[in-house]
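Here's the structure, in structure tokens; my notes come after.
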Amino acid sequence: MTDILTIILPVFIVMAFGYAAVWGKLFSDDHVDGLMRFTQTFAIPCLLFRAISTLDLGQNFNAPILVSFYTGVVAAFLLGLAAARLLFNRTWEDSVAIAFCCLFSNTLLLGLPITERAYGPDALLGNYAIIALHAPFGYMLGITAMELARARGTALRYLPAKVGRAMFSNALVLGIGAGLIVNLGQIPLPSVFTDAVDLMTRAALPAALFGLGGVLYRYRPEGDMRTILFVCAVSLIVHPVITYTLGTTANLTTDALRSAVVTASVAPGINAYVFANMYGAAKRVAASSVLIGTALSIITTSAWLTILP
């Protein structure tokens, strides 16, 4: 257990620094917004671009790891949608936002650093394969469902254009897309350019973790606790259980199983709040789920690291 805490705690301590800095008024909300804008619009897209552009697609984009993880994603979304509507009596718009919280694991800011600290940089190939589809798939599912919920008589022929505009205005999707173009086109990049991109990528995760701590202070829990705990249960327990079960059934390699389960086991990501804020739906549930889920994932992710080979 001590070894596991040694792996996980540094990630959360960096977040705690950000939380304490905002709490102590050493770092303002404007500073947090600027830092998160830098990481999510520039540094993390650079990280994804670099990783995807050099990824061996034939080796790492194998169907079993993607099926294991994304079956859990779809199941989490449908479970969240049904529970929000039928158990918690939320509007359809709120229900879609809550379902998006259930499906969108913090694959970047928690999944990547925890996997790297636990198993080393060479174990991240499966993470990158999952992340390459995570934002496009998650946003496509969430935006499509939300636009359907909001349509109310609007012609469905306008739906694909709305979904496309929303997806391709997302910097993470653009970074992934650019990386795929370079990879599939086998486009050579000058070393001076890749060195500059590498400088950006080294700042991505620590800066984003610090900024995430500041964001979590801003959106502290303010009610809806039953719904929030339900979101945390789906995200932290149901999703990794499905992924682990399917992954072991499919005889995933040890590295692939680790990447898939650790990525599935982490808390809802800040994109859950971004999505809720974008549509003005269930914002309190989304923000508080990120905060409480992140705290609880110290326990649940530690448990999964103990279970995994």
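The values are calculated or read from the model by the stated rules, or taken from the named source; none is laboratory data. Since this is a predicted model, take the numbers as computed values, not measurements. Heads up, the Cβs are rebuilt from the backbone with ideal geometry, glycines too, and the neighbour counts pull from every protein chain shown. Surface areas here come from the heavy atoms of the whole protein model, side chains and all, with no ligands, DNA or RNA. Shrake-Rupley method; radii C 1.70, N 1.55, O 1.52, S 1.80 Å.
What to note about this one:
- Between V241 and R226, residue separation times 0.36 nm minus the direct Cα-Cα distance comes to 3.3 nm.
- The residues of the chain present an accessible area of 43 Å² per residue when probed at 1.4 Å with all protein chains retained.
- Positive dipole terminus of the chain, leading residue within A118, L189, T243 (C-beta point charges): T243
- Modelled label positions at I307 and F42, each set 7 Å beyond Cα in the direction of Cβ, lie 4.1 nm from each other.
- Across all Cα atoms of the chain, the radius of gyration (one decimal) and Dmax (whole number) stand at 18.6, 57 Å.
- Computed from label points 7 Å out along Cα-Cβ, the spacing between V274 and A196 is 2.3 nm.
- When a 1.4 Å probe is rolled over the protein heavy atoms, the share of accessible surface on the chain that falls to carbon and sulfur comes to 65 percent.
- Over 16 Å [Cα-Cα, region 36-133], rounded percent: 65 percent
- Solvent-free Debye scattering, log10 I(q)/I(0), computed from the Cα coordinates of region 132-251 at q = 0.09, 0.11, 0.19, 0.21 Å⁻¹: -0.46, -0.69, -1.27, -1.24
- Region 40-95, Cα convex hull volume normalised per residue, Å³: 103 Å³
- Estimated FRET transfer efficiency when R0 is 41 angstrom, pair K162-L189 (beta carbons, to 0.05): 0.75
- P(r) tail for region 257-302: Cα pairs beyond 12 Å make up 60% of the total.
- Helix-derived mean residue ellipticity, 222 nm - over the chain, DSSP H n ≥ 4, -39500 (n - 2.57), to 500: -25000 deg cm²/dmol
- Charge context of A83, other residues only, Cβ under 12 angstrom, K/R +1, D/E -1: +2
- Along its three principal directions, the equivalent ellipsoid of region 50-198 from the Cα gyration tensor extends over semi-axes of 32, 20, 12 Å, largest first.
- Scattering curve values for region 222-292, log₁₀ I(q)/I(0), Debye with Cα scatterers, q = 0.16, 0.22, 0.25, 0.28 Å⁻¹: -0.61, -0.87, -0.99, -1.13
- Between A178 and M140, residue separation times 0.36 nm minus the direct Cα-Cα distance comes to 11.9 nm.
- Placing unit charges on the Cβ atoms of the charged side chains and taking the dipole of the chain about its Cα centre, the candidate lying farthest along the positive direction among F230, T91, A276 is T91.
- For the pair L78 and K25, a Förster radius of 30 Å applied to the C-beta separation gives a FRET efficiency near 0.10, rounded to the nearest 0.05.
- Extension gain, L87 to D56, is 6.8 nm, computed as 0.36 nm per intervening residue step minus the present C-alpha separation.
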